[in-house]
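Student: Take a look at this one; I'll ask things after.
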Amino acid sequence: MYELSLNDNGTNFKELEKKIYKYACDEACKVLKEILEALDEKLLKERDTKIYRNKGRKQTCLRTIMGDVEYSRRIYEFKLEDGKKATKYLLDEYLGMDTIGNISINLVETILTNVSELSFRKTAENIKLMCNQEISAQGVWNVVQTVGEKIKEIEDRKIELNDKGLLKGETETPVLFQEQDGIWLSIQGKDRPKGKSKKKELKLAVSYTGWTIRPGSTKEYSVVDKTVCASFGKVKDFKKLTEATIAEKYNVDEIQTRILNGDGASWIKATCKDQDIHFQLDPFHISQAILRNVSDKKEQKKLLHFFRNGKVTEGLEEITNLLILNKDDNKAFDKLVSLYDYLVNNIEGLVPYKLRDNIEMPQPPEGIIYKALGTMEHNICDVIAQRMKGRKMSWSINGADNLAKILSEKFSNRLFETVDKIYRNIIPNEILEDIKVVLPLTASEVNRKCKKSTVYKSASAQLPYSGAATTLGRKIIRDLCGLKSFSDIGYI
């Protein structure tokens with residue numbers, strides 16, 4: 001290891017890199033300030049003067065990944081339909097700044113990417129390290145709540161359109177697999193349920209079109225076109241949300257077969273009502289129930305074999321025989337009764353979908369195969385549990401719901417697309433091209449005649465340590481100085 005001392009103060013390369021990065025970010029902030037003020041000037045000239053009256057400039061601050069950009073923009077007065085006066089910033093409206101506050105879309109995306117895996121506090125620390133920006137844990141929380149509420153508005157709009165039959169996706173698939181489950185989260189404050197349990201169930205739904213071989217593997221598979229939605233909402237509302245989420249992506253009229261996999265909860269089976277959806281009891285939960293309630297290893301294997309191969313009658317008869325054999329053992333008997341009741345209550349879903357006579361599976365598209373269902377526990381873990389469960393965490397219902405919305409968008413591979421919808425206004429290319437031309441001048445300087453300026457010749461010199469013995473530190477300094485001429489380097 002070499003300690004790189006680049007000057008008398010002992011600045012090492014790490015500190016030098018940070019200083020250069022900060023300098024570059026500060027310069028970028030100045031450029032962005034000039035662009036925003038130039039765009040504000042353009043909007044001033046193009047506005048309808050009969051509607052919007054210029055009331056002067058006001059300072060504001062835009063938080064970006066490069067740092068805080070302080071700039072001024074004009075406020076305009078206009079009249080409402082009832083004749084009352086109101087004000088607005090045309091620049092803020094044009095750029096969509098009224099959606100998530102004065103935070104740039106890039107900074108929002110960076111925050112959301114971090115907060116989907118880390119705590120609010122750790123996310124704030126990461127933003128400070130990665131960007132020329134400081135934000136508190138409370139600031140991160142505010143961004144999450146704002147984005148979550150905006151996603152809810154988009155979902156409500158989707159549900160409304162789907163109820164009217166106006167939502168129709170472009171993706172066509174012959175088969176759609178759906179899986180649903182719930183996860184119990186600790187609730188805090190006034191939202192905490194009364195009684196023994198201090199938890200509330202967050203519902204999660206996943207849909208996909210099949211499986212494909214994972215790149216670089218010959219045995220591992222991943223699901224295709226995974227779409228996720230989550231909510232604390234009531235059963236009726238959650239059903240509407242899942243249907244709208246599917247209808248937004250898929251052409252539902254072209255789906256020939258739909259299969260729903262779940263643990264047998266009533267709210268999951270309610271999804272199948274009034275729809276041509278085949279319910280299947282999750283194989284994982286069948287195996288889990290058998291292993292928990294049957295102590296004999298041989299009987300466990302026998303029952304697992306029966307139900308995995310769709311031999312429901314034989315499986316239930318075997319449990320009945322075990323009940324007779326264990327009638328004098330109250331503990332074992334009660335467990336077997338619990339197992340029997342669970343299976344009988346979900347008897348319509350015990351036969352795996354591939355073994356059912358009433359399901360004709362269409363030929364899968366090229367590159368896709370149809371496998372046995374049972375990815376829900378994995379999705380519960382990846383989408384929700386790793387971020388929101390354990391580690392002594394507890395949530396308000398609204399706070400958990402908002403973060404769950406963001407996590408659902410992320411695992412549906414559409415988080416940034418959704419953020420773009422929220423920031424629905426963008427700067428057209430032709431506007432930016434116009435701004436680039438006038439960028440060096442202010443509005444008052446545009447029409448001024450150019451004055452004769454004094455030219456100062458810059459002194460020239462060799463690069464430092466030219467002709468001297470080469471060391472690692474000297475080589476780095478020469479390389480840095482060689483990037484541009486000294487006349488182009490700014491000093492602070």
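The values are calculated or read from the model by the stated rules, or taken from the named source; none is laboratory data. Just so it is clear, the structure is predicted and the values come from calculations on it, not from any experiment. Glycine gets a Cβ as well: all are built from the backbone with ideal geometry, and neighbour counts include every protein chain shown.
Student: Just need a number here: residues in segment 371-403 that are within 30 Å of Leu350 (Cβ to Cβ), without any contact (Cβ under 8 Å) to a residue 60 or more places away in the chain and charged (D, E, K, R).
Tutor: The number of residues fulfilling the criteria is 1.
Student: Can I ask one more? Taking the residues in segment 34-57 that are in contact (Cβ under 8 Å) with a residue 24 or more places away in the chain and surrounded by fewer than 16 Cβ atoms within 10 Å (Cβ to Cβ) as candidates, determine which candidate is farthest from Asn102 (Cα to Cα).
Tutor: From segment 34-57, those in contact (Cβ under 8 Å) with a residue 24 or more places away in the chain are 34-44, 47, 51-53, 55; that's our starting set.
Adding the requirement that they be surrounded by fewer than 16 Cβ atoms within 10 Å (Cβ to Cβ) leaves 51, 53, 55.
Details: Ile51: 25, Arg53: 23, Lys55: 21 Å.
Only one residue fits best here, namely Ile51.
Student: Okay, moving on. Looking at Lys194, is it charged (D, E, K, R), at negative phi and assigned by TED's automatic domain parsing to the domain that holds Gln280?
Tutor: Values: charged (D, E, K, R): yes; at negative phi: yes; assigned by TED's automatic domain parsing to the domain that holds Gln280: yes.
Yes; evaluated as a whole, the condition is true for this residue.
Student: Let me ask something additional. Is segment 250-272 home to any residue that is more than 31 Å from the chain's Cα centre (by Cα) and surrounded by fewer than 17 Cβ atoms within 10 Å (Cβ to Cβ)? Explain how you work it out, then say what you get.
Tutor: Quick first cut of segment 250-272, residues more than 31 Å from the chain's Cα centre (by Cα) only: none.
The answer is no; no qualifying residue exists.
Student: Checking the structure you have, find out if any residue of segment 326-337 is in the same structural domain as Lys269 (by TED's automatic domain parsing), farther than 30 Å from Leu260 by Cβ and in contact (Cβ under 8 Å) with a residue 24 or more places away in the chain.
Tutor: Within segment 326-337, the subset in the same structural domain as Lys269 (by TED's automatic domain parsing) is 326-337.
Keeping just the survivors that are farther than 30 Å from Leu260 by Cβ gives 326-334.
Those left that are additionally in contact (Cβ under 8 Å) with a residue 24 or more places away in the chain: 332.
Among the residues of segment 326-337, at least one is in the same structural domain as Lys269 (by TED's automatic domain parsing), farther than 30 Å from Leu260 by Cβ and in contact (Cβ under 8 Å) with a residue 24 or more places away in the chain, which makes the answer yes.
Student: Return the total of residues in segment 360-388 being over 30 Å from Ile255 (Cα atoms) and modelled with pLDDT under 90. Steps first, please.
Tutor: Residues of segment 360-388 that are over 30 Å from Ile255 (Cα atoms), as a first pass: 385-388.
Then drop every residue that is not modelled with pLDDT under 90, which leaves none.
Residues in segment 360-388 being over 30 Å from Ile255 (Cα atoms) and modelled with pLDDT under 90: 0 in total.
Student: Let me ask something else about it. Pull up segment 76-105, narrow it to residues that are in contact (Cβ under 8 Å) with a residue 40 or more places away in the chain and in a helix (DSSP H, G or I), then point me to the one that is surrounded by the fewest Cβ atoms within 10 Å (Cβ to Cβ).
Tutor: In the first step, residues of segment 76-105 are kept if they are in contact (Cβ under 8 Å) with a residue 40 or more places away in the chain; the result is 90-91, 93-96, 99-105.
Next, from what is left, pick out any that are in a helix (DSSP H, G or I): 90-91, 93-95, 105.
Numbers: Leu90: 20, Leu91: 23, Glu93: 13, Tyr94: 17, Leu95: 22, Ile105: 19.
Only one residue fits best here, namely Glu93.
Student: Looking at Lys405, is it assigned by TED's automatic domain parsing to the domain that holds Arg258, under 30 Å from Arg192 (Cα atoms) and modelled with pLDDT of 95 or more?
Tutor: Values: assigned by TED's automatic domain parsing to the domain that holds Arg258: yes; under 30 Å from Arg192 (Cα atoms): yes; modelled with pLDDT of 95 or more: yes.
So Lys405 passes the test.
Student: Mind checking whether some residue in segment 264-276 is at positive phi and either in a helix (DSSP H, G or I) or touching a strand residue (DSSP E or B) at 6+ places or on another chain (Cβ under 6 Å) (or both)?
Tutor: Of all residues in segment 264-276, those at positive phi come to 264, 274.
Now narrow it down to the ones that are either in a helix (DSSP H, G or I) or touching a strand residue (DSSP E or B) at 6+ places or on another chain (Cβ under 6 Å) (or both): 264.
There is at least one residue in segment 264-276 that is at positive phi and either in a helix (DSSP H, G or I) or touching a strand residue (DSSP E or B) at 6+ places or on another chain (Cβ under 6 Å) (or both).
Student: Something else: Would it be correct to say that Lys190 is more than 19 Å from the chain's Cα centre (by Cα) and either farther than 30 Å from Arg258 by Cβ or outside any helix (DSSP H, G or I) (or both)? It would help to see each step written out before you state the result.
Tutor: Numbers: more than 19 Å from the chain's Cα centre (by Cα): yes; either farther than 30 Å from Arg258 by Cβ or outside any helix (DSSP H, G or I) (or both): yes.
The answer is yes for Lys190.
Student: So, of the residues in segment 169-197 that are without any contact (Cβ under 8 Å) to a residue 24 or more places away in the chain and among the small types (Gly, Ala, Ser), which turns out to be farthest from Asp276 (Cα to Cα)?
Tutor: Gly195
Student: If you don't mind, another one. Quick one: how many residues across segment 124-180 are hydrophobic (A, V, I, L, M, F, W, C) and assigned to a helix (DSSP H, G or I)? Don't jump to the end; show me each part of the working.
Tutor: Taking segment 124-180 first, the residues hydrophobic (A, V, I, L, M, F, W, C) are 124, 127, 129-131, 135, 137, 140-141, 143-144, 147, 151, 154, 159, 161, 166-167, 175-177.
This time we only want the ones that are assigned to a helix (DSSP H, G or I), so: 124, 127, 129-130, 137, 140-141, 143-144, 147, 151, 154, 159, 161.
Selection size over segment 124-180: 14.
Student: Collect the residues in segment 386-399 that are aliphatic (A, V, I, L, M) and surrounded by fewer than 15 Cβ atoms within 10 Å (Cβ to Cβ), keeping them in residue-number order.
Tutor: So in segment 386-399, the residues aliphatic (A, V, I, L, M) come out as 388, 393, 397.
Across segment 386-399, the qualifying residue is only Met393.
Student: Hey, another quick one. Can you tell which of Val108, Val69 is modelled with pLDDT of 90 or more and not in a strand (DSSP E or B)? Explain how you work it out, then say what you get.
Tutor: On the way: Val69 fails: not in a strand (DSSP E or B).
Just a single option satisfies the conditions, and that option is Val108.
Student: Residues that are surrounded by fewer than 13 Cβ atoms within 10 Å (Cβ to Cβ) and under 17 Å from the mean Cα position of the chain (by Cα): does segment 117-134 have at least one?
Tutor: No; the residues of segment 117-134 include none that is surrounded by fewer than 13 Cβ atoms within 10 Å (Cβ to Cβ) and under 17 Å from the mean Cα position of the chain (by Cα).
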